[in-house]
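Novice: Have a look at the structure that comes next, please.
Only the coordinates and a few stated rules stand behind these numbers; no lab work does. Everything numeric in this text was worked out from a predicted model, so none of it was measured. In this analysis, Cβ positions are derived from the backbone assuming ideal geometry, glycine residues included, and neighbour counts consider all displayed protein chains.
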Amino acid sequence: MQSDLNCLRQDPQAKAVTYYADARDISAILDEDSLRILRAPLFRLNAPGSYCRDVAGKDEVLSDPVAIIHGPASSPEIAVSANGVRGLTPEAETALAALQEACRDERICHQVTLRPGQALLINNRKGLHARSAFPAFHDGTDRWLQRTYVRRTLWSLRDRGTDVGPRVFA
């Protein structure tokens, strides 16, 4: 799945940036132990609140145990939840910390400053992205990014059917 971040409005001070780190670059700087652990199903991802509105009274909706990095070493895929990842063992928590440190490494962390009318396309399987903090004024001038998800097929979502209306717009 791809994310498309469309910039409708930049923050007034033009300080907000989007960070991106490619899974190949992340894997290249991780030590062998961390990489081995990140490739094992020792993690649970927390679902974003917008995906689990039906689950009233729950602070967290965690996935089954999954690996964070998978696929061939030459073209790894990576999956991390922005709402939190829980390592199931102390070693998994240590590997997760190494992953976070790698993502902050200036050699692999790319910074993109989006201006109105610009879009950033991100393959969510091949890299990680985050947005920086910036002062919010709540006066109608704050940064406004519109997120769109792009999928080749909805087939993998067929068991999640709900009455939320159409998911494809022409």
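Novice: Taking neighbour Cβ counts within 10 Å as the exposure measure, how do E93, E32, E60 sort from fewest upward?
Specialist: Exposure proxy ranking, most exposed first: E32, E60, E93.
Novice: I need the calculated FRET efficiency for the pair R24 and E60, taking r as the beta carbon distance and R₀ as 35 Å, to the nearest 0.05.
Specialist: 0.70
Novice: Describe numerically, in nm with one decimal, the distance between label points set 7 Å from Cα along Cα→Cβ at R147 and at A133.
Specialist: 1.9
Novice: Moving to a separate point now. Going by how many other beta carbons lie within 10 Å of each one, how would you line up L30, L38, L121, fewest first?
Specialist: The most exposed by this proxy come first: L121, L30, L38.
Novice: Using a simple spin-label model with points 7 Å from Cα along the Cα→Cβ vector, what separation in nm is obtained for R36 and L8?
Specialist: For the pair R36/L8, the computed spacing is 4.9 nm.
Novice: Relative to the compact-globule scaling 2.2 N^0.38 Å, provide the ratio for the alpha-carbon radius of gyration of segment 2-160.
Specialist: 1.13
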